[in-house]
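The values are calculated or read from the model by the stated rules, or taken from the named source; none is laboratory data. Keep in mind it's a predicted model, so treat the numbers as computed, not measured. Because the Cβ atoms are built from the backbone with ideal geometry, glycine has one as well, and the counts that use them run over all protein chains shown.
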Amino acid sequence: MNDEQRQLAGNAWQAYNAMQTTKQRHFDYLTILEDKKRNFNIDPTDDDQVFLKQLLRDHDEQVAAFTEASAKLKASDPATHLALFKYIGDLNESMSDPSLAH
């Protein structure tokens, strides 16, 4: 993605990053609750469940925001949309490849 495309894709890129952040928060909190249950036999409280649902709702809202920003970008500049998704794909692929770890 060139510099001009990075500028044009800014809103969609920010929405993607927000979506990834809220996804990670939800999974991290879910892991904490699962670890409490597995390690200490402590069930999630009602407050824990409410908070977990809020984190999922936050993520759902960011998915919708990314979907909207992506659709707008695709309608206004299909080449930049394609470049953004290629960048996202490359990013996700390189981050999941254990052979790239030091």
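Among (1) part of a helix (DSSP H, G or I); (2) more than 21 Å from the chain's Cα centre (by Cα), where does D43 come up short?
Every listed condition holds for D43 apart from (1).
Of all residues in the range 8-22 being in contact (Cβ under 8 Å) with a residue 60 or more places away in the chain and of a type in the set (G, A, S), which is nearest to E68 (Cα to Cα)?
Taking the range 8-22 and keeping what is in contact (Cβ under 8 Å) with a residue 60 or more places away in the chain, we get 8-9, 11-13, 16.
Imposing the further condition that a residue be of a type in the set (G, A, S) reduces the set to 9, 12.
Values: A9: 12, A12: 8 Å.
That would be A12.
If I filter the range 1-32 down to residues being among the hydroxyl-bearing types (S, T, Y) and surrounded by 14 or more Cβ atoms within 10 Å (Cβ to Cβ), which single residue comes out as nearest to A83 (Cα to Cα)?
So the first thing to find is which residues in the range 1-32 are among the hydroxyl-bearing types (S, T, Y), and the list is 16, 21-22, 29, 31.
After this cut, where a residue has to be surrounded by 14 or more Cβ atoms within 10 Å (Cβ to Cβ) as well, the list is 16, 22, 29.
Numbers: Y16: 14, T22: 24, Y29: 33 Å.
Looking at residues that are among the hydroxyl-bearing types (S, T, Y) and surrounded by 14 or more Cβ atoms within 10 Å (Cβ to Cβ), I get Y16.
Being at pLDDT 95 or above and surrounded by fewer than 11 Cβ atoms within 10 Å (Cβ to Cβ) is the filter here; which residues of the range 80-102 pass it?
If the condition is that a residue be at pLDDT 95 or above and surrounded by fewer than 11 Cβ atoms within 10 Å (Cβ to Cβ), then G89 is the only one that fits.
Among A79, A75, A64, A83, which is over 17 Å from A9 (Cβ atoms) and of a type in the set (G, A, S)?
Details: A79 fails: over 17 Å from A9 (Cβ atoms); A75 fails: over 17 Å from A9 (Cβ atoms); A83 fails: over 17 Å from A9 (Cβ atoms).
Residue meeting the stated conditions: A64.
Can you work out which of the residues in the range 33-58 that are loosely packed, with under 12 Cβ neighbours inside 10 Å and among the hydrophobic types (A, V, I, L, M, F, W, C) is farthest from A18 (Cα to Cα)?
Among them, the one singled out is F40.
Kindly indicate whether H81 is in contact (Cβ under 8 Å) with a residue 40 or more places away in the chain and farther than 25 Å from Q5 by Cα. Give the derivation first.
On the way: in contact (Cβ under 8 Å) with a residue 40 or more places away in the chain: yes; farther than 25 Å from Q5 by Cα: no.
Spelling it out, it is not the case that H81 is in contact (Cβ under 8 Å) with a residue 40 or more places away in the chain and farther than 25 Å from Q5 by Cα.
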